[in-house]
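Structure first, then comments.
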Amino acid sequence: MNPANACESCQPATSTTQWSARSSVPLLVGGEDITTQGWRTFAQDPNTITQGTDHVRLATSTNTGARTSGQLLITLANAFDATRPFKLRVTMQVESVNNHNSLDSGAAILGGFTSPAGTSTERAQMIYLDRAAIGWADDTQAVGFPVTDGAYHVYELAVDAAKVATVSIDGVARLTRKNFATNGTLAIGDQTNDPNVDGVIRIKSVERLCQ
């Protein structure tokens, strides 16, 4: 990789005299230890995090009669330059999830994150994934989608120079939002300890697309 530009690498089959362009920069490779890849965990029991051959599996639950539930977020600081346009791609499967509460979700993608659960702005623009829909966690926009259909899907978050955010699933735009704010930290998983708002997800890969 070019130490001065992560979107370029040495590809001798293409050129031995100059750097070659890369289509994306891997941020998480499933099946490998996420801590060695720079990810941190914010968690509350009960939760489990396990490694599969090609994914990392995050799971939370609620004990019977409990007033709180498990929380499990994996986060990556400086995942992208917060001052410039960016596009993130998350390939994952939602095995199961309870429907979200406003500003809280058992399966979520946050394009900006401050520990331990996100600021009010970060939570408002959080992407929630319910059983049959995705949307912004402040409930300003949602669209039906068979999230828990047993398949992996590609979720993309793109923010342009005008701070307009677009969320796509498998290459199809589904959500938009103006004035997207971020600190460059990415978070994925169960963001809340609300009882019975839990989720189980498998993350195969996370990438920052080169633009």
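For the range 1-54, a tally of residues being over 17 Å from the mean Cα position of the chain (by Cα) and among the hydrophobic types (A, V, I, L, M, F, W, C) returns 8.
Arg177 meets each of the listed conditions (1) under 24 Å from Gly38 (Cβ atoms); (2) touching a strand residue (DSSP E or B) at 6+ places or on another chain (Cβ under 6 Å) apart from (1). For the range 107-117, filtering for residues that are open to solvent by 20 Å² or more (accessible area, probe 1.4 Å) and either touching a His at 6+ places or on another chain (Cβ under 9 Å) or not polar (S, T, N, Q) (or both) leaves 2. Can you pull out every residue in the range 174-192 that is open to solvent by 50 Å² or more (accessible area, probe 1.4 Å) and either closer than 13 Å to Phe113 by Cβ or within 15 Å of the chain's Cα centre (by Cα) (or both)? The one that is open to solvent by 50 Å² or more (accessible area, probe 1.4 Å) and either closer than 13 Å to Phe113 by Cβ or within 15 Å of the chain's Cα centre (by Cα) (or both): Asn183. Within the range 153-173, the only residue that satisfies the criterion of being charged (D, E, K, R) and within 13 Å of the chain's Cα centre (by Cα) is Glu156. Restricting attention to the range 1-51, the residues that are hydroxyl-bearing (Ser, Thr, Tyr) and surrounded by 13 or more Cβ atoms within 10 Å (Cβ to Cβ) total 5. Of all residue pairs spaced 6 or more apart or on separate chains, none has beta-carbon atoms under 7 Å together with a first member in the range 62-79 that is among the aliphatic types (A, V, I, L, M) and a second member that is loosely packed, with under 13 Cβ neighbours inside 10 Å. For the range 167-192, a residue qualifies if it is within 16 Å of His153 (Cβ to Cβ) and part of a loop (DSSP other than H, G, I, E, B), and the qualifying residues are Asp170, Gly171.
Filtering the range 193-211 to residues that are in a loop (DSSP other than H, G, I, E, B) and open to solvent by 10 Å² or more (accessible area, probe 1.4 Å) leaves Asn193, Asp194, Pro195, Asn196, Asp198, Cys210, Gln211. Checked against the criterion of being of a type outside the set (S, T, N, Q), open to solvent by less than 50 Å² (accessible area, probe 1.4 Å) and either out of contact with any strand residue (DSSP E or B) (no Cβ under 6 Å at 6 or more places or on another chain) or in contact (Cβ under 8 Å) with a residue 60 or more places away in the chain (or both), the candidates Asp104, Asp54 yield just one match: Asp104. For the range 125-155, a residue qualifies if it is out of contact with any strand residue (DSSP E or B) (no Cβ under 7 Å at 6 or more places or on another chain) and without any contact (Cβ under 8 Å) to a residue 24 or more places away in the chain, and the qualifying residues are Pro146, Asp149.
From the list Arg131, Arg84, Arg89, the one residue that fits, being at pLDDT below 95 and not acidic (Asp, Glu), is Arg84.
The values are calculated or read from the model by the stated rules, or taken from the named source; none is laboratory data. Keep in mind that what you see is a predicted model, and the values were worked out from it rather than measured. Neighbour counts are summed over all protein chains in view; Cβ atoms, including those assigned to glycine, are modelled from backbone coordinates with ideal geometry. Just the protein is used for accessible areas: all its heavy atoms, side chains included, with ligands, DNA and RNA removed. Shrake-Rupley method; radii C 1.70, N 1.55, O 1.52, S 1.80 Å.
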